[in-house]
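A.B. asks: Following this message is one structure expressed as C-alpha cells.
Computed from the coordinates by the stated procedures, all read-outs in this text should not be read as laboratory data. Please read these numbers as outputs of a predicted model, since none were measured by experiment. Please note: Cβ atoms are built from the backbone with ideal geometry, for glycine as well, and neighbour counts cover all protein chains shown.
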Amino acid sequence: MIFVAVGTQFSFDRLIQYMDEWASQEENSEAVIAQISDGEYEPQHLQWQRFLSGDEYNNNIQKASVFVSHAGMGNIISARDQQTPIIVMNRQFKLGEHRNDHQTEGLQWMAKLDGVYTASNQQELYQHLSNISQLKAAESNHVGNQQLSDYIADFISGKSS
C-alpha cells in the first residue's frame, strides 16, 4: 500500500492528481490511500479521506511500502520513526500552493537525508514510484532524528550547503 498525505494546513491538488493518475494505470497494482485535506480535486482511482486521526495517520505510514507527502519536516520525521521510505514533493508558491517557496528551497537538503526521496515534478515522482522496491527507509533512532535536527539547524544558519 502507498500512503499519501498532504497535511492539514493547505490542500495540494497537484500531488493528489498525480497520484490519482498513477493509480489509474493498470500496471500499478498497489493500493493507494490518501489524506487530501480541503482540496478541490476528488480522486477517482484511490481511496481517500480529507482528514485522519493521529492513529490512522501513523498506522498508514507503518503499513505503507512508501509514504508520499508534501515536503514537510513533520512527515519526514514520522516516516523515519515508522521506518518507511518517503517521497516528498514541494508545494510551489508560483502555483498558489503555499505562502512562500521554502519547500522548493528545502528539497536540495532533504534529498541528502537517508530514506528521503525528492520530486519537484510529475516525472520525478513517477520515476521514484516505478522503483518502490528499491526505496530504503532511514534507520530510525533518536540519534538519527537528532542528526536530522542538527542538520536543519546548520542549514538554516548557513553552516551546511
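A.B. asks: FRET efficiency for residue 131 and residue 77, Cβ-Cβ distance as r, R0 = 35 Å, nearest 0.05?
C.D. replies: Here the calculated transfer efficiency is 0.90.
A.B. asks: Let's test the formula: R0 of 45 Å, r as the Cβ-Cβ distance of residue 47 and residue 112. What FRET efficiency results, to the nearest 0.05?
C.D. replies: Using R0 = 45 Å, I get an efficiency of 0.85.
A.B. asks: Now for a separate question. Give the peptides 126-133, 9-16 in descending order of average Cβ contacts within 10 Å, highest first.
C.D. replies: The most tightly packed comes first, giving 9-16, 126-133.
A.B. asks: Please turn the phi angles of region 63-78 into ³J(HN,Hα) values with the Karplus equation 6.51 cos²θ - 1.76 cosθ + 1.60 (θ = phi - 60°), one per residue in order, whole Hz, x for glycine and proline.
C.D. replies: 7, 6, 6, 8, 10, 10, 8, 5, 7, x, 5, x, 6, 4, 5, 4
A.B. asks: Then there's this: Measuring from label point to label point, each 7 Å out along Cα→Cβ, what is the residue 123 to residue 55 span in nm?
C.D. replies: It is 4.5 nm.
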